Amino acid sequence: MKATELTLAVTPLGQGSNPCRPVIKMKFHISRWNYWWAYLIVTVLVLLAIWFSDKAYDRASWISGGVALILFLILELLIRSERVIVDGENLELRQGLLSKESTRISCKSVSNVSVSQSFLQRLLRYGDLEIRTTAGDYVLRSFEEPGKIERALSKHLKH
């Protein structure tokens, strides 16, 4: 599954300066590599469920399979709880599962964007971003495709 989703929308005539300019909306979330240890546990539990099933230990098979499924769903919710959305004009930081908190920043107020990645993070395509704006600094930890976020925001940097 890709980290970015692209949505094209054409601005209707009479609205905006260029009526045929498409608006590209990019969505990013925390990297799954940040939780590699939990995915390893899920894999071991699934293998245990298969092994217990082969040995005719039905109760143990259902328990380990059920725990693996619940852990997998929790991991997916955690990953999707923090999201960055970049469209042509704004940067939106969303976080939270039950209670959502959203911060909207104009791309024009961004003064500096820097990416921090180790060698392994570069290979696995995730890292940390520091975004400096006129309103303050924002640090995004362990996000997928930090280079794409940086390039999208760099277009609007004040020079």
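Quick note: the coordinates plus some simple rules give every number you see, no bench work behind them. Quantities reported herein were computed from a predicted structural model and do not represent experimental measurements. Using ideal geometry, Cβ is built from the backbone for each residue, glycine included, and neighbour counts are taken over all protein chains shown.
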- Counting only residues that are in contact with a helix residue (DSSP H, G or I) (Cβ under 9 Å, 6 or more places away or on another chain) and over 21 Å from residue 89 (Cβ atoms), how many does the stretch 123-146 have? 8
- Does residue 68 qualify as being part of a helix (DSSP H, G or I) and either touching a residue at least 24 places away in the same chain (Cβ under 8 Å) or closer than 30 Å to residue 106 by Cα (or both)? yes
- Message: Looking at the stretch 51-64, can you tell me whether even one residue there is in a strand (DSSP E or B) and either under 17 Å from residue 28 (Cβ atoms) or more than 22 Å from the chain's Cα centre (by Cα) (or both)?
- Response: no
